[in-house]
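Heads up: the structure comes next, in structure tokens.
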Amino acid sequence: MPTTVEALFQAGIAALRDGRMDDAHREFQAVLERDPDNASTLYNLGALKFHAGQSAEAERLLKKAAARRPDHIDTRSVLAAVLVDQKKLDDAMPHARFIVARSDSDAAACNSAGHVLAMAGWSDEAESAYRQALAEKPSYRPSATALITLLMDRRAFDDVMAVSDAYLAHQPTDQGVHLKRAQALWEGGNTRAARDALVDLLDFAPDHITAHHNLSLFSNPPDPEVVITRLTALLAEDTLDPTDNIKAWFALGNFFASSKIVEESLACFTEGNSSSTNTAGEIGRFAVSSPAKPLVS
């Protein structure tokens, strides 16, 4: 059994690494019984409490840790997340800004700061935080997707393309980012490039239902017979989740329509509508994650 403060702390760290959270909690508590101001232990126990859903106790421990070690970026980052969890955005803001101001903040810390700033309505500062995270780690997906979403909301489509392309240079098969990139091209009016982007996505993700649905909205979808065969097989397997099932039926209907096979097209739309709860006003929209609707003209 460990007896010294350092031995107890190291036992807690070892338990954390092994996923033995109860043991880690016990060891860290034992440290604080002997050394109540131990900043490293206050931080680790505070983080444990937060992940266990005990935000109020986590806040108490992390504030105490931050007071004793104010330059510790990880403490500030977790404390900011705890304060956001408790809807204390004003209290979280100084910690987020501290993280962004530090040149040695890692991608995860900058990303957390970006979320705090975005939630507080400071979108320009949030953008800077996400970009700082990507400068530190260009393949960091959480910041790439958060930044793309922020830029999409601004309809800054050229910036979306630049961020997407830079990220995809490191993670070339990220399906979600490819789909967002296609959406930016579509909404930016570059429909030919959007169509090509979806084709590229389906080259390495041939069963991506949303990509099939979006491609079916174009007036000149490529190789409809090949896609019809693939979608028919996927629907026959009956393994799609409810949302993808709806998208697949409408995509199939659109592809049949583009091939002038009217009866099959209407049958697919009927099947899709039987399980869809979307309103008629959403019919034909380019989808990213929402259920799909048939193309109408």
| query | In the chain, which helices (entire DSSP H runs) extend 15 Å or more along their own long axis, judged by Cα positions, while averaging at least 1.0 on the Kyte-Doolittle scale? | reply | 73-85, 107-119
| said: So, R0 is 25 Å and r is the distance between the beta-carbons of Ala267 and Gln175; what FRET efficiency does that work out to, to 0.05? | reply: 0.30
| request: Would you please report the Å³ per residue occupied by the convex hull of the alpha carbon atoms in the range 189-232? | output: 66 Å³
| task | Using R₀ = 30 Å, calculate the FRET efficiency as 1/(1 + (r/R₀)^6) where r is the Cβ-Cβ separation of Asp153 and Asp104; round to 0.05. | result | 0.50
| task | Please give the calculated 222 nm ellipticity per residue for the chain, where each DSSP H segment of at least 4 residues contributes -39500 (n - 2.57) and the sum is spread over every residue; nearest 500 deg cm²/dmol? | result | -23000 deg cm²/dmol
| Entry for Cα extents along the principal axes in Å (calculated from the structure that is shown) out of [x] 74, 38, 33; [y] 79, 39, 33; [z] 55, 52, 27 | [y]
| task | Report the residue, chosen from His72, His115, His213, that carries the largest GNM mean-square fluctuation when the chain is represented by alpha-carbon nodes joined by springs under 10 Å. | result | His72
| task | For the range 60-188, just list the percent of Cα-Cα distances falling in each 5 Å bin from zero outward, please. | result | 2, 12, 21, 20, 17, 12, 9, 5, 2, 1, 0
| note | Of the convex hull drawn through the C-alpha atoms of the range 1-139, the volume per residue in Å³ is 106 Å³
| query | Under the Kirkwood approximation applied to all pairs of distinct alpha-carbon atoms, what is the hydrodynamic radius of the range 1-70 in Å? | reply | 11.7 Å
| note | Working note, the range 61-122: Cα radius of gyration (Å, one decimal) and Dmax (Å, whole number) are 10.4, 30
| Given labels modelled 7 Å from the Cα in the Cβ direction, how far is it in nm from His51 to Asp124? | 3.7 nm
| said: Once R0 is set to 51 Å, what does the formula 1/(1 + (r/R0)^6) return for the Cβ-Cβ distance between Thr4 and Asp238, expressed as a FRET efficiency to the nearest 0.05? | reply: 0.25
| field | Distance in nm between pseudo-label sites at Glu187 and Asp35 (7 Å out along the Cβ direction from Cα) | value | 5.1 nm
| Using alpha carbon centroids, what distance separates the range 195-227 and the range 49-88, in Å? | 46 Å
| said: Please compute, for the alpha-carbon atoms of the range 130-185, the extent along each of the three principal axes and give them in descending order in Å. | reply: 26, 22, 15
| remark: Excluding residues fewer than 8 positions from Lys88 in its own chain, the lysines with Cα under 25 Å of it are Lys49, Lys63, Lys64
| note | Here, GluC sites (Glu not before Pro) of the range 94-137 satisfying both criteria (DSSP loop; at most 14 other Cβ within 10 Å) are none
| message | Starting from the 7 Å offset along Cα-to-Cβ, what nm value, one decimal, do you get for the label separation of Asp85 and Ala67? | response | 2.1 nm
| remark: Listing Lys87, Lys137 by rising number of other beta-carbon atoms within 10 angstrom, fewest first, gives Lys87, Lys137
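Read-outs throughout are calculated quantities, based only on the coordinates presented, and are distinct from any laboratory measurement. Please read these numbers as outputs of a predicted model, since none were measured by experiment. Methodologically, a virtual Cβ is constructed for each residue, glycine included, from the backbone with ideal geometry; neighbour enumeration extends over all protein chains shown.
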